[in-house]
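Reading through the structure tokens given below for one structure.
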């Protein structure tokens, strides 16, 4: 079940919402929390029914390990270290089995000449995201930064359905106290208006922009020709770059909007990343809660100011290596992570030396770099990526004269005018419109916003039979 479906909008959400506030109205507060947990577990089970018993066993086991560490005195005891090591190994092992088994088998076969059969294990939905939240919970329990939560409050933190599958990645200290506040247990019509506004905005991003762009770009990247044209290579790469943003930020907007319906504030995940002037700036704006997790639990674990070889640059490269491998089981993702880390290091070094490029070249270089990096991210292999990169420099495909180049460009624009218009609108939104974070902060219920929300939802409902799965469901 995904947000942008008739089943979710007209059945799951109204029933979950109505019963939750009905129980709260009559002061059945514990029962309302249990109801929300049950609905969230049901929501997850619809996406990965075969994995659901392992999912529930995993989150239960993490709770037991975490609370056992909370009850253990001090941070240096052998018992606490063993509990932490066992819990961490369990999370990494589960993620490794489902996500990386075939990757390791392929590399083992390549290195040894063996012919071990691939397992073709179906990746459970959202496993990378909830595993990060579970690891963060365990680390905080080990560090003594976690309270002794009851099981239902813990389950709400992990399973709260708006953020369960693709984030935003939330911290237990952000969400658990919100469910305890008495004012959050009552209907708040301003929050409902904000929630519906953000949900309709995210739905429009996903259905009206991301899905058509993704579908068109995939038709190229799923079967990359050996000699693609320059125009097709750049156009499809930019399409995929923009569609990833609208797909993931659209999901985040819907998740944040759903959170507001239940009076829960979920942190924003994007801050106009395509306005960035360098890659350090870009990664502060893109998938903010993932960057926050990586900074708190990977970068800080590696970085030691007083140890030269564990300085900022080493910690950054290790962090992006983990990020690349987390994104996908393939060497293309590893290389993608390392190159991004290198670009962030270069941006940091320039900042430290006060080397600042003028806005326009800095912006254009960053935008081109983001598109080039997206090619590596979405390509199924290095040869495919190489073909696309070669196509980007294939000036011969434009023709042998200026006139032929003009005709080639005109023909391409005319033949791609429909999808090109959507891409132009999407780019305009990225560069010139206020982002969701700004709109959330400035929101006041007005008739105009109500009409805008209703109009966007109506357009989305008319196109909802064509919905494409969210791109980050595969991670």
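None of the figures in this text is laboratory data; all of them are computed from the coordinates on show. The structure presented is a predicted model; accordingly, all values stated were derived computationally and were not measured. FYI the Cβ positions are ideal-geometry reconstructions off the backbone, even for glycines, and counts take in every protein chain you see.
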Checklist outcome for this item: Subtracting the Cα-Cα distance of residue 46 and residue 311 from 0.36 nm times their residue separation yields 90.9 nm
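Cα-based Rg of the chain per 2.2 N^0.38 Å, rounded to two decimals?
This ratio for the chain stands at 1.03.
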Checklist entry - In the calculated pair distance distribution of region 405-475, what percentage of Cα-Cα distances lie above 13 Å? => result 80 percent
Next on the checklist: I'd like to compare 135-147, 400-412, 42-54: which one has the highest average count of other Cβ atoms within 10 Å, and what's the full order after that?
Outcome noted: 135-147, 42-54, 400-412
Next on the checklist: So if I take the centroid of the Cα atoms in region 408-447 and the same for region 226-282, what is the distance between those two points in Å?
Outcome noted: 12 Å
Item to check | Sites residue 400 and residue 174, calculated FRET efficiency, Cβ-Cβ separation with R0 60 Å, nearest 0.05 | outcome: 0.50
Checklist entry - Which semi-axis lengths, in whole Å and largest first, follow from the square roots of five times the eigenvalues of the Cα gyration tensor of region 6-185? => result 33, 24, 11
Checklist outcome for this item: Highest mean packing first, using Cβ neighbours within 10 angstrom, the peptides 381-390, 151-160, 249-258 sort as 249-258, 151-160, 381-390
Checklist outcome for this item: Taking alpha-carbon centroids only, region 314-359 lies from region 172-199 a number of Å equal to 36 Å
Checklist outcome for this item: Under the 7 Å Cα-to-Cβ spin-label approximation, residue 7 and residue 338 lie apart by a distance in nanometres of 4.2 nm
Checklist entry - For the residues 172, 416, what sequence is obtained by ranking on other C-beta atoms within 10 Å, fewest first? => result 416, 172
Checklist outcome for this item: Cα-based Rg then Dmax for region 86-135, in Å, read 12.8, 38
Checklist entry - Label point 7 Å out from residue 215 along Cα-to-Cβ: which residues of region 413-428 have amide N under 12 Å? => result 419
Checklist entry - Between residue 439 and residue 425, 0.36 nm times their residue separation minus their Cα-Cα distance comes to what? => result 3.2 nm
Checklist entry - Residue separation times 0.36 nm, minus the C-alpha to C-alpha distance between residue 381 and residue 64: what's the value? => result 110.0 nm
Checklist entry - In nanometres, what is the gap between the two model label sites at residue 364 and residue 454, each 7 Å from Cα along Cα-to-Cβ? => result 4.6 nm
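Treat region 1-70 as a sphere of radius equal to its Kirkwood radius over Cα pairs and apply Stokes-Einstein at 20 °C in a medium of 1.002 mPa s; give the translational diffusion coefficient in µm²/s, rounded to a whole number.
Once the numbers are plugged in, D ends up at 155 µm²/s.
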Item to check | Mean residue ellipticity (222 nm) of the chain, computed from DSSP H runs ≥ 4 via -39,500 (n - 2.57), nearest 500 | outcome: -22000 deg cm²/dmol
Checklist entry - Ordered by packing density, taken as the mean number of other Cβ atoms within 10 Å over each peptide's residues, highest first, how do 270-278, 224-232 rank? => result 270-278, 224-232
Checklist entry - Please state the equivalent ellipsoid semi-axes for region 311-465: what are the square roots of 5 times the Cα gyration tensor eigenvalues, largest first, in whole Å? => result 32, 28, 19
Checklist entry - Roughly what % of Cα-Cα distances in region 201-332 sit above 21 Å, to the whole percent? => result 57 percent
